[in-house]
There are 2 protein chains.
Amino acid sequence: MSLTAVGSIAFDSVRTPFGARDRMLGGSAVHFSLAASFFTDVRLVGPVGDDFGEEELAVLRARGVITDDIEHVEGGKTFFWRGHYEYDMNLAHTDETQLNVFGDFQPKLSDGSRGAEMLFLGNIQPQLQLEVREACGGAELAGLDSMNLWIETERDDLLKAIGKADYLLLNDAEIRMLTDETNLARAAHQVMEMGPRVVVAKRGEYGAALFTEDHPFAIPGYLLEDVRDPTGAGDSFAGGFLGYLDGQRAAGLSPFDFDSLRQAMAYGSVLASFNVEDFGTERVASLTMDEIAERLKHFRHITRFEA
Amino acid sequence: MSLTAVGSIAFDSVRTPFGARDRMLGGSAVHFSLAASFFTDVRLVGPVGDDFGEEELAVLRARGVITDDIEHVEGGKTFFWRGHYEYDMNLAHTDETQLNVFGDFQPKLSDGSRGAEMLFLGNIQPQLQLEVREACGGAELAGLDSMNLWIETERDDLLKAIGKADYLLLNDAEIRMLTDETNLARAAHQVMEMGPRVVVAKRGEYGAALFTEDHPFAIPGYLLEDVRDPTGAGDSFAGGFLGYLDGQRAAGLSPFDFDSLRQAMAYGSVLASFNVEDFGTERVASLTMDEIAERLKHFRHITRFEA
């Protein structure tokens with residue numbers, strides 16, 4: 001089992017009502033990889049600058065993430081994001097973005113990266129997502145994330161990239177925006193006609209919904225009293241979701257089976273819930289499989305009902 | 001088993017992208033009563049004018065709702081609401097409100113109404129909710145609904161009324177507004193300190209969350225491709241929720257037991273999902289217990305996961 005994740009590696013400076021951190025390890029591919037690492041072997045592809053060093057690599061390696069394909073751009077600086085959250089933590093306020101080496105990112109894929117069975121195309125330019133998908137022609141499955149920016153500015157390329165994805169993960173508002181259809185279920189079915197067999201709508205604190213040709217599936221967010229930093233929650237969700245499915249696939253089970261998909265939704269939610277409990281990668285980096293299992297059990301207890 | 005519901009009886013003129021209806025039967029106590037009628041004996045208390053007649057009463061009676069305490073105000077007109085929804089049906093736009101007889105509503109409670117074991121204090125002036133609660137001193141349990149208007153204008157009376165309620169049902173934004181706390185779980189625990197043992201946060205299409213001293217519970221909304229008119233969804237939810245709990249109570253089970261509460265959340269969600277499938281009371285008025293059971297089964301299928 002192996003999963004190649006392509007996307008941003010960053011330093012984040014974040015302030016929330018519960019504290020602040022300066023230049024901590026972040027980026028969507030980092031959050032994704034740490035979460036997925038509990039279920040499969042993850043190889044992380046993305047660019048960093050001279051300011052990225054052993055300390056950051058050690059966080060990834062401690063979780064078994066293969067860092068050989070992290071590209072060090074000599075003389076460059078790592079992608080940097082500075083933002084804050086008010087008491088309503090559903091909304092991130094961006095104060096500063098420095099694309100740095102991420103602005104000229106041209107993914108370089110080793111044989112190891114190309115050999116993965118599952119591919120995650122993180123939120124980067126759709127044209128790059130297409131190139132990576134082609135370069136990894138041997139990957140059985142691809143998940144794709146994107147954002148409103150690309151829907152607005154690179155719609156044609158994005159539609160092509162979506163056409164090559166098996167799993168599409170977007171915020172619910174983005175799925176509506178992509179299709180110009182406000183009913184989420186109808187919008188998701190329109191997206192499936194573009195290519196993906198599975199569409200996942202991320203709904204922030206409200207959880208997530210999944211759509212397949214046969215059945216939808218909905219899961220609420222895990223209710224938490226202490227949310228310290230929501231940055232990366234959606235990426236941790238995606239990592240738990242696709243990581244679990246790659247593990248299922250490797251075990252000989254269908255990664256499109258409804259029972260696999262529902263468990264993947266639950267694991268994604270659990271990983272996202274840990275992510276937001278502390279700043280940046282702090283909570284997920286120290287997480288154990290036992291804690292994940294315990295939370296999944298409690299999550300089931302506080303969501304199940306009988307028919 | 002018996003439940004007295006006090007609140008608004010209305011005529012609604014509603015326009016949505018999927019059609020329009022003029023002066024159809026509506027009002028929060030009507031939607032509540034029809035939903036609750038599947039689980040317990042419901043007595044509806046509220047004022048109507050000369051324009052309210054046998055046709056409207058027949059809809060309620062066909063579902064077994066006891067209409068003896070609907071007060072006919074001679075020479076008066078029934079509460080009237082006109083509104084519309086855009087394609088985003090989460091937001092109701094009010095075009096016209098005529099309080100009419102509802103503006104001078106002073107609940108008159110028969111011995112039958114006073115004798116109910118469960119009381120539902122619909123969204124009316126908090127001072128009236130308090131008076132009704134006192135008049136029905138024999139009722140074991142009371143559920144209470146309210147709205148942002150009363151939080152802003154009648155806060156002191158509302159806090160007193162909440163102090164007399166066992167179950168509080170509000171929109172999640174209203175729970176945050178009431179407590180000035182943005183974390184929903186923390187806000188709900190603050191509300192419990194005001195009196196209620198159970199706090200339910202209604203979250204529109206995203207479902208609902210419930211809080212008790214011991215455990216929270218969360219349920220997503222039932223995913224629908226066809227939402228024709230969301231008016232009354234929250235009231236139908238409340239009716240399914242409290243109606244089911246009164247049925248449990250009558251069967252000798254604790255209406256605060258977590259297993260009862262989780263089932264009540266599921267039945268509330270199912271009733272709300274039927275409510276929005278057609279205009280006004282049209283869908284729920286023709287609903288059968290078999291359809292409810294079938295949807296509950298499907299709802300469980302598309303939300304359950306294993307630990």
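Of note:
- When chain B is treated as a Gaussian network with alpha carbon springs shorter than 10 Å, the biggest mean-square fluctuation among B:122, B:268, B:76 belongs to B:76.
- Chain B - Kirkwood radius from inverse mean 1/r over Cα pairs (Å): 19.1 Å
- Hull-based mean projected area of region A:21-61, where the convex hull spans the alpha carbons, in square nanometres: 3.2 nm²
- Size of region B:12-118 from its Cα atoms: along the principal axes, largest to smallest, the extents are 45, 34, 23 Å.
- Here is how the number arises for chain A: DSSP H runs of 4 or more residues each give -39500 (n - 2.57), the sum is divided by the residue count, and the result at 222 nm is -11000 deg cm²/dmol.
- Once the Cα gyration tensor of region B:43-88 is diagonalised, semi-axes √(5λ) in Å: 23, 16, 9
- Taken as Cα centroids, region B:1-77 and region A:1-47 sit 54 Å apart, rounded to the nearest whole angstrom.
- Per residue accessible area of region A:79-164, 1.4 Å probe, in Å²: 49 Å²
- Within chain A, percent of DSSP bridges classed antiparallel, to nearest 5: 40 percent
- Neighbour net charge for residue B:14 - beta-carbon separation under 12 angstrom, K R +1, D E -1: -2
- Other protein chain C-beta atoms within 10 Å of residue C-beta, averaged over A:173-183: 2.
- Candidates per chymotrypsin sites (Phe, Trp or Tyr not before Pro) in region B:180-251, loop by DSSP, up to 11 other Cβ within 10 Å: none
- In terms of Cα atoms, the Rg and Dmax of region A:131-206 work out to 12.1, 36 Å.
- Farthest positive-ward along region B:160-199 dipole, Cα basis, beta-carbon charges - from B:190, B:179, B:162: B:162
- Pairs of Lys residues in the protein assembly as shown are counted when their Cα atoms are under 29 angstrom apart and they lie 8 or more places apart or on different chains; the count is 16.
- Shielding of B:220-233 by partner chains, average beta-carbon count, 10 Å: 4
- Counting every pair of alpha carbons in region B:196-269, the share spaced more than 16 Å apart comes to 47 percent.
- Förster-model FRET efficiency, 56 Å R0, residue A:98 and residue B:257, C-beta, rounded to 0.05: 0.55
- Tensor-based shape of region A:132-173 (alpha-carbon gyration tensor, a/c under 1.5 rounded, otherwise prolate or oblate): oblate
- By the Stokes-Einstein formula, at 1.306 mPa s and 10 °C, region B:178-307 with its Kirkwood radius over alpha-carbon pairs has D equal to 103 µm²/s.
- Average partner coverage of A:296-304, which counts Cβ from other chains inside 10 Å: 5
- Cα-based shape type of region A:49-187, given that a ≥ b ≥ c are square roots of the gyration tensor eigenvalues and the cut on a/c is 1.5: oblate
- Relative to the Cα centre, the charge distribution of chain B, modelled as +1 at Lys and Arg Cβ and -1 at Asp and Glu Cβ, gives a dipole magnitude of about 560 debye.
- About its Cα centre, the dipole of region B:1-100 is roughly 260 debye, where the only charges are +1 on Lys and Arg Cβ and -1 on Asp and Glu Cβ.
- Relative to the Cα centre, the charge distribution of region B:190-307, modelled as +1 at Lys and Arg Cβ and -1 at Asp and Glu Cβ, gives a dipole magnitude of about 200 debye.
- Exposure here means at most 10 other Cβ atoms within 10 Å; with GluC sites (Glu not before Pro) in a DSSP loop as sites, the longest stretch of chain B lacking them is B:75-212.
- Inter-copy label distances at residue B:127 (7 Å, Cα→Cβ; nm, one decimal): 6.9
- The residue among A:199, A:143, A:222 whose Cα reaches farthest toward the positive pole of the charge dipole of region A:124-235, with charges on the beta-carbon of Lys, Arg, Asp and Glu, is A:199.
- Theoretical FRET efficiency, 1/(1+(r/R0)^6), r = Cβ-Cβ of residue A:286 and residue A:23, R0 25 Å, to 0.05: 0.80
- Within region A:90-169, the trypsin sites (Lys or Arg not before Pro) that combine a DSSP coil assignment with at most 11 other C-beta atoms in a 10 angstrom radius are A:108.
- Förster radius 56 Å - calculated FRET efficiency between residue B:110 and residue A:87, Cβ distance, rounded to 0.05: 0.75
- Put simply, the Cα atoms of the protein assembly as shown extend 85, 44, 42 Å along their principal axes, the longest span coming first.
The values are calculated or read from the model by the stated rules, or taken from the named source; none is laboratory data. Only a predicted model underlies this, so the values are computations on that prediction, with no experimental measurement involved. Cβ coordinates were reconstructed from backbone atoms using ideal geometry, including for glycine residues, and neighbour counts include every protein chain displayed. For accessibility, only protein heavy atoms count, side chains too; no ligands or nucleic acids. Shrake-Rupley method; radii C 1.70, N 1.55, O 1.52, S 1.80 Å.
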